[in-house]
1. Identify, please: which residue in segment 29-60 is of a type in the set (Gly, Ala, Ser) and under 20 Å from the mean Cα position of the chain (by Cα) and is, among those, nearest to residue 311 (Cα to Cα)?
2. Give, as residue ranges, the helices (runs of 4 or more DSSP H) completely inside segment 26-120 that count at least 1 residues that are of a type in the set (Val, Ile, Thr).
3. Looking at segment 353-374 only, could you name the residues that are without any contact (Cβ under 8 Å) to a residue 40 or more places away in the chain and either surrounded by fewer than 17 Cβ atoms within 10 Å (Cβ to Cβ) or near the ligand (Cβ under 10 Å from one of its atoms) (or both)?
4. So, residue 109, is that one farther than 24 Å from residue 370 by Cα, in contact with a Phe, Trp or Tyr (Cβ under 8 Å, 6 or more places away or on another chain) and at pLDDT 95 or above or not?
5. Please verify whether residue 302 is surrounded by fewer than 17 Cβ atoms within 10 Å (Cβ to Cβ) and either among the β-branched types (Val, Ile, Thr) or over 18 Å from residue 74 (Cα atoms) (or both), treating the condition exactly as stated.
6. Within segment 170-186, track down each residue that is more than 16 Å from the ligand (Cβ to nearest atom) and of a type in the set (Val, Ile, Thr).
7. Residue by residue through segment 147-169, note down the ones that are of a type in the set (S, T, N, Q), farther than 14 Å from residue 199 by Cα and away from the ligand (no atom under 16 Å from the Cβ).
8. What single numbered condition from (1) free of Cβ contacts under 8 Å to residues at least 12 places away in the same chain; (2) in contact with a Pro (Cβ under 9 Å, 6 or more places away or on another chain) fails to hold for residue 67?
Amino acid sequence: MEALNLPRPHWMTEDLVLLEEQARRFIAAEYVPHLERWHEQGMYEREVWTKAGEAGLLCATIPEEYGGAGGNFGHEAVINRELSLAGFDSFGAPLHSGIVAPYILHYGTEDQKKRWLPKLATGELIGAIAMTEPGTGSDLQGVRTSAKKSGNGYLLNGSKTFITNGQHANLIIVVAKTDPAAGAKGVSLMVVETDKVQGFRRGRKLKKLGQDAADTSELFFEDVQLPADSLLGTEEGQGFYQLMKELPQERLIVALNAVAMMERAVALAVDYVKQRKAFGKAILEFQNTQFVLAECKTEATIAKVFLDHCIERHIAGQLDTVTASMAKYRLSDTCGDVIDRCLQLFGGYGYMDEYPISRLYRDARVLRIYAGTNEIMKLLIARSL
Ligand SMILES: Cc1cc2nc3c(=O)[nH]c(=O)nc-3n(C[C@H](O)[C@H](O)[C@H](O)COP(=O)(O)OP(=O)(O)OC[C@H]3O[C@@H](n4cnc5c(N)ncnc54)[C@H](O)[C@@H]3O)c2cc1C
């Protein structure tokens with residue numbers, strides 16, 4: 001699906017072109033035939049993860065010594081784009097590989113890395129990150145989940161909501177207060193292996209506007225006794241700093257998703273308007289249709305150029321929080337607008353669930369909300385003024 005007339009970006013090396021082909025083939029054969037069923041049943045199967053692991057699609061940026069593919073963010077970007085172009089936006093792999101695993105790689109002890117990363121790479125462990133609580137989302141310092149020293153370890157109490165991979169995850173990074181009086185400095189990241197603890201409970205898989213197959217859920221921790229080495233790293237109170245360091249990549253992943261969704265929307269709309277007829281001619285022949293699609297294609301192209309700039313900077317280790325926030329906010333906003341306008345060209349069919357444009361419209365809405373709302377992105381950008 002090449003909807004835009006852009007040359008291959010500089011960051012896209014030969015091995016990434018091969019990875020793109022391999023990922024595209026695998027996703028088309030193994031996932032696409034089941035997407036409809038997964039959307040209908042509101043969940044995809046556990047084996048989706050192990051299959052992704054076997055195909056080398058998990059933990060692409062994790063060094064080979066820890067079971068990953070030893071790539072850079074370009075590898076992650078290629079895989080995520082292919083998932084999105086194929087319409088599998090509800091798969092939690094981008095979060096698992098691009099968010100959860102890097103926390104462990106960057107802040108875990110050698111023992112934690114050896115214990116968890118190889119299993120995340122195979123899909124034996126499925127990762128989630130639990131920040132949001134019923135009472136607090138944007139204001140992360142307000143989390144009430146606590147991890148109190150208890151014996152040799154910690155006692156974890158609290159509840160989380162809206163957690164991606166919530167039903168499948170068995171390795172959950174939980175944002176908790178180890179010192180409730182210390183504000184941001186009292187926040188720590190606790191890693192919970194759910195199969196090994198008592199007192200952990202999964203709540204509802206939440207019904208949502210879109211991403212029907214995603215197992216976004218509530219999670220409950222009631223007197224969960226954790227071993228001492230559940231603390232990510234060795235020092236308490238580092239959680240907020242760790243989150244701030246990793247969030248630019250999370251935001252870039254959302255921006256990437258937004259661009260892939262726009263590309264797909266434009267391609268679907270162009271295809272449709274060439275075939276559908278009204279007043280004796282193809283819808284494409286109306287000047288309005290041509291202008292709308294010319295505008296959408298232009299918006300998507302500008303978005304992709306900025307995204308590629310950000311990816312290149314990120315691969316070079318130079319993507320700052322402000323620029324990542326700009327990408328997340330602007331590209332997800334543009335994505336919503338482009339998909340909405342493309343959908344309009346489908347008339348009533350655009351409103352029908354069986355038309356992928358309808359699902360794209362629903363699935364894309366959350367891009368403006370999660371990974372920090374777009375309002376929070378603007379706050380971060382404004383601080384640089
Ligand atoms: C499908 C889905 C998946 C998710 N996955 C995860 C996950 O895996 N892990 C996780 O931890 N969370 C996850 N989230 C939660 C998501 O990150 C939060 O919903 C988001 O951060 C917003 O928090 P909130 O819902 O509490 O909204 P609130 O913080 O209550 O915000 C409500 C409104 O107020 C605005 N607002 C808040 N503060 C300010 C301010 N200072 N200035 C201006 N406006 C402000 C917000 O922008 C928003 O418009 C997910 C959410 C969804 C919908």
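1. Among those residues, the one meeting the criterion is 60.
2. Because the criterion is at least 1 residues that are of a type in the set (Val, Ile, Thr), the helices (runs of 4 or more DSSP H) in segment 26-120 that meet it are 47-54, 73-85, 101-107.
3. 353, 354, 368, 369
4. Criteria not met by residue 109.
5. Working: surrounded by fewer than 17 Cβ atoms within 10 Å (Cβ to Cβ): yes; either among the β-branched types (Val, Ile, Thr) or over 18 Å from residue 74 (Cα atoms) (or both): yes.
Judged against the criteria, residue 302 is a match.
6. Matches in segment 170-186: 178 only.
7. 150, 152
8. Every condition holds for residue 67 apart from (1).
The values are calculated or read from the model by the stated rules, or taken from the named source; none is laboratory data. For clarity, every value in this text was computed on a predicted model and none was experimentally measured. Here Cβ is always computed from backbone atoms with ideal geometry, including for glycine, and neighbour counts include all displayed protein chains.
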